[in-house]
Amino acid sequence: MFNRNKEHAFAPGFRLSALDAIILVLGLAAAFALSLVVLWWGFVVGFVLMHFFLFCNIVRMARPLELAWAGVFIVLSITTVVFETPGWSATASVSLAATVIVVVLQMRKASYHGIGWRWINPNLPAWWEAAKCEPNQNIEAAGFDIKTDRITGSVLALALGDAFGAPHEGGILERAVWALIGRQNGRRRWTDDTQMAIDLIESLAACGRVDQNDLARRFSQSYKWSRGYGPGAAKILKRISRGQSWEEAGRTVYCEGSFGNGGAMRAPVVGLFFADDNEDYLVKAASASAEVTHAHPLGREGAVLIALATALAYNNKSSEEIIERLCQRVEAPEFLSRLRIASRWLQAGSNAAPQTVAAELGNGISAVESCVTAIYLALAFRSSPFNELLGFAIRLRGDVDTIAAMSCAIWGAARGLNALPQALLEQVEQYEHLKAVARSFAEAVKNHPPISGK
Ligand code: R7I
Ligand code: MG
Ligand code: MG
């Protein structure tokens, strides 16, 4: 059985020790030799040996399920030997049915760590980390709080993607500026992406809904040029600070409002907050949260896609279903064509190169050129370690902080806090404060009254 003791290394997947190999080889030789004497002797030894291999090495079965299977097989074998009923073929058939049942039961467990665990149980690292911290507790029985894990994981992953992506964002000038101001007390500085996500978290927790006036006030009060806001967003927020309404300010810089990705980069927070609510309501809330600074239909639709993808990932929907639901929701053909490409790549399991992703899906500062890219990355790396996702987002170039923030937030909603590398988290500016914000947000999400429609 999977050992939760922290002294043991995390080593899921197929396993074969030298002793296992010796037992298998000798056992098979013995089965062959016995079958030459009495056929069913050889059958019994070979059948048991194959199950030993399946349970211990392939599926890594828990002891109680192994014993249950062995009980069925032993009872049938004894009655076959003593009373010649039900016979060896019935014994084999019933035992094989029992094999299927115990394997399925094992694969449904939060601790499943046999072959294919990355696809079957992608939350295993989170379970392992949690179990490792509390070796004396039975995490499954204690009800591992997956909601808190995923909400805090998503928020902190957003900040990680932002802080680690920021030094790579934009052209040579932006990178030179960041080289000068990108550290805060030796830790990695985060940018507008994280600041606006915090503002949105605090507003949602205080108001229980998207309150655009409250949001405009918080966004404008938090504004600091050194967080690297987009030029249009910076102007809008300064105008709001000077007393202009957000409705007016948002349309004076760009007449239809901004189509930048600034509305989408904070939208994972909306997806988490309304993940258990009516989907139409979530969509309206995401659009309204973006409208305060990004009134353009494409700016708002980018936010809707990111919020919905986060909510679906949080609810453990398959990557196929997530893309399908987004395709059904989306209105702008610019997003739809990119979603179709992402869907094709995901279905084919093809690992598109960073240059191909940048060329076909985009790596720019507009919502159209970044939102589907972020969704694709989160899903393509869903079962991979966090560092692989972050590394790919950096190699993609362009608007790295924002694409990393959005994709990491969606990834974090699926994989949870315990899948995030602690060593990286501790390098992020104000990590302890961010963790406290994420934790109290998780409580606010879990406690807000359900919204069934509107
Ligand atoms: O969208 P926004 O808040 O930018 C966010 C980005 C993220 O990468 C952050 O990390 C930060 O670095 O900036 O900022 P906006 O200024 O609203 O939009 C970004 C850019 O999109 C603008 O500077 C414009 O170049 C472009 N843009 C538009 N161009 C023409 N017409 C946005 N809307 C328009 C438009 O209507
Ligand atoms: Mg930024
Ligand atoms: Mg950016």
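The values are calculated or read from the model by the stated rules, or taken from the named source; none is laboratory data. Because the structure is a prediction, the values reported are computed rather than measured. Positions of Cβ are backbone-derived with ideal geometry, glycine not excepted, and every protein chain shown enters the neighbour counts.
Structure above, values below:
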| quantity | calculated |
| --- | --- |
| Condition check for SER287: away from ligand 3 (no atom under 16 Å from the Cβ) and crowded, with 22+ Cβ neighbours inside 10 Å | yes |
| The lone exception for GLY170 - which of (1) within 16 Å of ligand 1 (Cβ to nearest atom); (2) assigned to a helix (DSSP H, G or I) it fails | (2) |
| Residue in the stretch 403-413 that is in contact with a helix residue (DSSP H, G or I) (Cβ under 6 Å, 6 or more places away or on another chain), more than 21 Å from ALA303 (Cα to Cα), away from ligand 2 (no atom under 16 Å from the Cβ) and assigned by TED's automatic domain parsing to the domain that holds GLY171 present | no |
| Among the residues listed as PHE259, PHE219, the single one being in contact with a strand residue (DSSP E or B) (Cβ under 9 Å, 6 or more places away or on another chain) and of a type in the set (Phe, Trp, Tyr) | PHE259 |
| Members of the stretch 233-279 found to be within 16 Å of ligand 3 (Cβ to nearest atom), small (Gly, Ala, Ser) and in contact (Cβ under 8 Å) with a residue 40 or more places away in the chain, listed by number | ALA233, SER258, GLY260, GLY262, GLY263, ALA264, ALA267 |
| Exclusive hit being under 40 Å from the mean Cα position of the chain (by Cα) and either exposed (fewer than 15 other Cβ atoms within 10 Å of the Cβ) or within 30 Å of GLY153 (Cβ to Cβ) (or both), set ALA62, ALA98 | ALA62 |
| Segments classed as helices (runs of 4 or more DSSP H), wholly inside the stretch 353-454, with at least 1 members that are away from ligand 1 (no atom under 16 Å from the Cβ), of a type in the set (D, E, K, R) and closer than 29 Å to SER258 by Cα | 354-360, 386-395 |
| Yes/no for THR91 being without any contact (Cβ under 8 Å) to a residue 24 or more places away in the chain, touching a helix residue (DSSP H, G or I) at 6+ places or on another chain (Cβ under 7 Å) and of a type in the set (Ser, Thr, Tyr) | yes |
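Residue-by-condition table, conditions (1) exposed (fewer than 15 other Cβ atoms within 10 Å of the Cβ); (2) within 14 Å of ligand 1 (Cβ to nearest atom); (3) more than 18 Å from THR402 (Cα to Cα):
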| position | (1), (2), (3) |
| --- | --- |
| THR191 | no, yes, no |
| GLU202 | no, no, yes |
| ASP211 | no, no, yes |
| ARG217 | no, no, yes |
| TYR223 | no, yes, no |
| ALA234 | no, yes, no |
| LYS238 | no, yes, yes |
| TRP246 | no, yes, yes |
| GLU256 | yes, yes, yes |
